[in-house]
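For reference, the structure discussed in these notes is given below.
The values are calculated or read from the model by the stated rules, or taken from the named source; none is laboratory data. From a predicted model like this one, the values you see are computed outputs, not experimental measurements. Here the Cβ positions follow ideal geometry from the backbone for every residue, glycine too, while neighbour counts run over all protein chains shown. SASA here: full protein model, heavy atoms, side chains in, ligands and nucleic acids out. Shrake-Rupley method; radii C 1.70, N 1.55, O 1.52, S 1.80 Å.
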Amino acid sequence: SADEMIGKKNPAMFHDLEEITARTNALSEELGMAIKPGNEVFNIKSTLGYSADINEWTYIRKDSSRITVELSITTLRDKQNNITGYLGIAKDITEKKRVMEELKKAKDLLSQSLKISKMGYWENDLEHKIFFCSDEIYEIFEIDASQQLTIDVLLKIVSEEEKAQIFKDVRTVIETQQ
């Protein structure tokens, strides 16, 4: 509760000590200066004038359960540019991380399935003029993966029968808006 925290506890108490140590080492290397574990690990970049320092951290609750947060630290300064404090905003991203992991697993499964079945897919966003295809398309058509594939290049590679089917499918999408 707010009564338990305000003016009484240091926010570092929420953090995993191993994460603080790892971040301290990474910051020391990145900034080329010795950073001490503690509050400095959270506010040094903001103090040095970088924009808000935003990082993922693990918070440990009173019941010892853990959540993943995105913590943004900003230095507060007065008119003379003296530091008056720090503003920290933590957002629970535990669910977002879980969903992203599920999405990654699904994409990996799709990629493995496409590879096994020797299939690929492509997408052409006419509104934004973006063409995308899976890695398997490059393999199927033996195209150098460093080459920028466009719909025009793809249409030169496919058979006339496949080209007719593509145009039919595109017309259907345009007509049905689906």
Pairs from Lys97/Lys129; Lys129/Lys156; Lys36/Lys62 whose Cα-Cα separation, in the structure shown, is over 27 Å: Lys97/Lys129
Segments 36-42, 165-171, 10-16 sorted - mean Cβ within 10 Å per residue, highest first: 36-42, 10-16, 165-171
Among (i) 1, 8, 15, 17, 15, 11, 8, 5, 4, 3, 3, 3, 3, 3, 1, 0; (ii) 2, 10, 18, 27, 17, 12, 8, 4, 2, 0; (iii) 1, 6, 10, 12, 11, 9, 7, 7, 9, 9, 8, 6, 3, 1, 0, the entry that matches P(r) over Cα pairs in 5 Å bins from 0, in percent as calculated here: (iii)
Average accessible area per residue (Å²) across the chain - probe 1.4 Å, nucleic acids and ligands excluded: 75 Å²
Three-way shape call for region 126-178 based on the alpha-carbon gyration tensor, with the a/c threshold at 1.5: oblate
0 to 90° range, to nearest 10: angle between helix 94-117 axis and the chain longest Cα axis: 30 degrees
For a label point 7 Å along the Cα-to-beta-carbon line of Gln112, residues of region 123-152 with backbone N under 20 Å: 134-137
Spacing of the two label points (7 Å from each Cα toward its C-beta) at Glu4 and Ser146, in nm: 5.8 nm
Estimated 222 nm signal from helices in the chain, with DSSP H stretches of n ≥ 4 weighted -39500 (n - 2.57), rounded to 500: -14000 deg cm²/dmol
Whole-Hz couplings from phi, Karplus 6.51/-1.76/1.60, listed for region 44-56; x for Gly and Pro: 4, 5, 5, 4, 6, x, 5, 5, 3, 8, 10, 9, 8
Proximal lysines to Lys104, defined as alpha-carbon separation beneath 20 angstrom and excluding residues fewer than eight positions away on the same chain: Lys96, Lys115
Region 128-178, accessible surface, carbon-and-sulfur percent (1.4 angstrom probe): 53 percent
Difference of contour (0.36 nm per residue) and Cα-Cα distance, Asp125 to Asp78: 12.0 nm
Region 46-166: relative contact order as a whole-number percent, Cα under 8 Å and 6+ apart: 13 percent
Cα gyration tensor shape of region 1-70, rounded if a/c is under 1.5, else prolate or oblate by comparing a/b with b/c: prolate
